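Worksheet: the structure to be examined is printed underneath.
The values are calculated or read from the model by the stated rules, or taken from the named source; none is laboratory data. As the structure is a computational prediction, the values presented were derived from the model and not from experiment. Methodologically, a virtual Cβ is constructed for each residue, glycine included, from the backbone with ideal geometry; neighbour enumeration extends over all protein chains shown. Just the protein is used for accessible areas: all its heavy atoms, side chains included, with ligands, DNA and RNA removed. Shrake-Rupley method; radii C 1.70, N 1.55, O 1.52, S 1.80 Å.
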Amino acid sequence: MEWLVLNVQILQQSHQALILESGKIRVIAHVNTQFDVKPQDIISPVKDAFYTINHHIEKRILFFERV
């Protein structure tokens, strides 16, 4: 399932809270990434529980909590 980033909050270095939407579902996710995630980015799943930012395989993020 792909997710649209609605909002981003920096928590710590490489930790961010994202408000995501897919269809009628909205979630808050805490992620670990070295890349800047911006509103309107698309988060897509790939193997090994990682996701990519805007389908760029080198820009990977790891979800560690969803609310």
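Values for this structure:
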item: Residue within the range 57-67 that is without any contact (Cβ under 8 Å) to a residue 40 or more places away in the chain and either at positive phi or among the hydroxyl-bearing types (Ser, Thr, Tyr) (or both) present; result: no
item: Of all residues making up the range 53-67, the number that are open to solvent by 100 Å² or more (accessible area, probe 1.4 Å) and part of a strand (DSSP E or B); result: 4
item: Some residue of the range 30-42 being touching a His at 6+ places or on another chain (Cβ under 9 Å), at negative phi, modelled with pLDDT of 95 or more and in a strand (DSSP E or B); result: yes
item: Among residues of the range 34-45, those that are without any contact (Cβ under 8 Å) to a residue 40 or more places away in the chain and open to solvent by 50 Å² or more (accessible area, probe 1.4 Å), counted; result: 6
item: Qualifying residue in the range 26-33 (condition: among the hydroxyl-bearing types (Ser, Thr, Tyr) and under 12 Å from PHE63 (Cβ atoms)); result: yes
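Every residue, every condition in (1) surrounded by fewer than 11 Cβ atoms within 10 Å (Cβ to Cβ); (2) not hydroxyl-bearing (Ser, Thr, Tyr), yes or no:
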residue	(1), (2)
MET1	yes, yes
GLN9	no, yes
ILE19	no, yes
GLY23	yes, yes
ASN32	no, yes
TYR51	no, no
